[in-house]
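Report on the structure given below.
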Amino acid sequence: MADCIFCKIVAGEIPSDRVHEDPTCIAFRDIQPQAPVHILVVPRQHLARISEMTPQHEPLVGHLFHVATEIARQEGVSDQGYRLVINCGAHGQQAVDHLHVHLLGGRQMTWPPG
Ligand code: DGP
């Protein structure tokens, strides 16, 4: 997608602090971190929102979550716990219309979310 910021990051046209890459996805540190560990796991394939998921995307979405758990281990937050978040659409406060999983860790989270 020509105007998609995360497609540009995937393509290397916009720099990012990458912590993981594989044939299916990349992961990089969020530019506006909301926790000591705040990493975005982003599929190389453009899918605007999780609500556009179809059965064919099940392996992709499963992979994103598996990668997030591996990165949580690498970042040292796995034992104490963390949060994985997908924002969807306006009410979900999704700002970038390219599917991504937020990995947030390194501090106590609260509930309910804001
Ligand atoms: P969301 O609201 O779920 O769409 O979150 C989008 C996140 O993307 C937000 O936490 C800030 C982050 N972000 C936006 N632009 C950039 C960028 O150019 N680089 C990086 N590393 N993160 C970005």
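The values are calculated or read from the model by the stated rules, or taken from the named source; none is laboratory data. Model, not experiment: these values are computed from the prediction. Positions of Cβ are backbone-derived with ideal geometry, glycine not excepted, and every protein chain shown enters the neighbour counts.
Name every residue in the range 75-91 that is surrounded by 13 or more Cβ atoms within 10 Å (Cβ to Cβ) and out of contact with any strand residue (DSSP E or B) (no Cβ under 7 Å at 6 or more places or on another chain), in order of residue number. Across the range 75-91, the qualifying residues are Ser78, Asn87, Cys88.
With respect to the stated conditions, Gly76 is away from the ligand (no atom under 13 Å from the Cβ) and at pLDDT 95 or above.
Within the range 72-84, residues that are closer than 10 Å to Pro36 by Cβ reach partners that are assigned to a loop (DSSP other than H, G, I, E, B) with beta carbons closer than 7 Å, at six or more positions or on different chains, in the pairs Val77/Gly106. Of everything listed in (1) within 11 Å of the ligand (Cβ to nearest atom); (2) surrounded by 14 or more Cβ atoms within 10 Å (Cβ to Cβ); (3) not in a strand (DSSP E or B), the single unmet condition for His38 is (3).
Here is the figure for the range 93-108: residues that are surrounded by 13 or more Cβ atoms within 10 Å (Cβ to Cβ) and either of a type in the set (Asp, Glu) or in a loop (DSSP other than H, G, I, E, B) (or both) total 8.
Of the residues making up the range 21-30, those that are surrounded by fewer than 18 Cβ atoms within 10 Å (Cβ to Cβ) and within 12 Å of the chain's Cα centre (by Cα) number 2.
When residues in the range 79-92 are screened for being touching a helix residue (DSSP H, G or I) at 6+ places or on another chain (Cβ under 6 Å) and either β-branched (Val, Ile, Thr) or more than 14 Å from the ligand (Cβ to nearest atom) (or both), 2 of them pass.
Go through the range 57-87 and count every residue that is under 12 Å from the mean Cα position of the chain (by Cα) and assigned to a loop (DSSP other than H, G, I, E, B). Total meeting the criteria: 2. Residues that are of a type in the set (Ser, Thr, Tyr) and either within 20 Å of Ile5 (Cβ to Cβ) or touching a residue at least 24 places away in the same chain (Cβ under 8 Å) (or both) within the range 39-67 comprise just one, Ser51.
Considering the conditions (1) surrounded by 16 or more Cβ atoms within 10 Å (Cβ to Cβ); (2) more than 16 Å from the ligand (Cβ to nearest atom), His66 is excluded by exactly one of them, (1).
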